[in-house]
Structures are given as C-alpha cells and as structure tokens.
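Bear in mind that the values in this text are calculations on the coordinates, not laboratory data. Model, not experiment: these values are computed from the prediction. Counting neighbours? That spans all protein chains shown, and the Cβs are built from the backbone with ideal geometry, glycine included.
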Amino acid sequence: FCTWHNVRPPRDDFDWLIGHGQTDSAFTGPSVDHTYNDIFGYYAFIEASYPAKKGDRAILESTILQATSSGGSCFSFWYHMYGQIGALNVYIQGAKATTPLWIW
C-alpha cells in the first residue's frame, strides 16, 4: 500500500486487500489491473460479500501529503465497482474539518 494504510476499528469494519487477476468472488472485481491491463499487475480491493454487511465501512488512509510549491498536490485513481458495494468516497482531512472530494 506504499504510504497508505487500513484504518482500524471502531472507525471501520473491514480492510482493503491487495489482489491481482480475478477476485475470489465471481463477478465482483476486475479481471486485470488498470496500469498493465494484465493479470500480473496489482490493485487494492475490498471483499464486500459475506461476512461484510450493509453499512460496513473499509477505510484506506494516506500519510500526510504535502502540497508542492508549484501548485498543490494531485490525486488520481481508477475504480471498478461490481457487486453490492454501496458507496466509494474520497475525503481530504484538514486540521479543522474533513471535506468530501469525490462521492459515488
């Protein structure tokens, strides 16, 4: 996960995992990663089937990202949502508030 880590309870209920190729649950995940478009590249995913239940949360959090002097920071990602996912949200945690950046 490089500089990212899974958040522990009570803030979340289960963890993000690293995978490659197809996921164990049929028809729920990508068959390849986006970067290399083959089964050898890796991606982060959540296993949203049993024992996970509606309302459970899996939070992946980064270390502090410093803005550059030339114009800030950039964050990009690809997503693949098959199955019963619910929502995928991205937030920025500031010193005084948490701000939603992207809500799906």
Those strands (runs of 3 or more DSSP E) lying entirely in the chain with at least 2 residues in contact (Cβ under 8 Å) with a residue 40 or more places away in the chain and surrounded by 12 or more Cβ atoms within 10 Å (Cβ to Cβ):
4-6, 60-62
Residue count for the stretch 60-103, restricted to those that are farther than 22 Å from TYR50 by Cα and out of contact with any strand residue (DSSP E or B) (no Cβ under 7 Å at 6 or more places or on another chain):
21
Tally the residues that are more than 20 Å from THR3 (Cα to Cα) and of a type outside the set (Phe, Trp, Tyr), restricting the search to the stretch 58-87.
10
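Given the criteria under 14 Å from the mean Cα position of the chain (by Cα) and of a type in the set (A, V, I, L, M, F, W, C), does ALA26 qualify? Quick ask: steps written out before the conclusion?
Values: under 14 Å from the mean Cα position of the chain (by Cα): no; of a type in the set (A, V, I, L, M, F, W, C): yes.
No, not satisfied.
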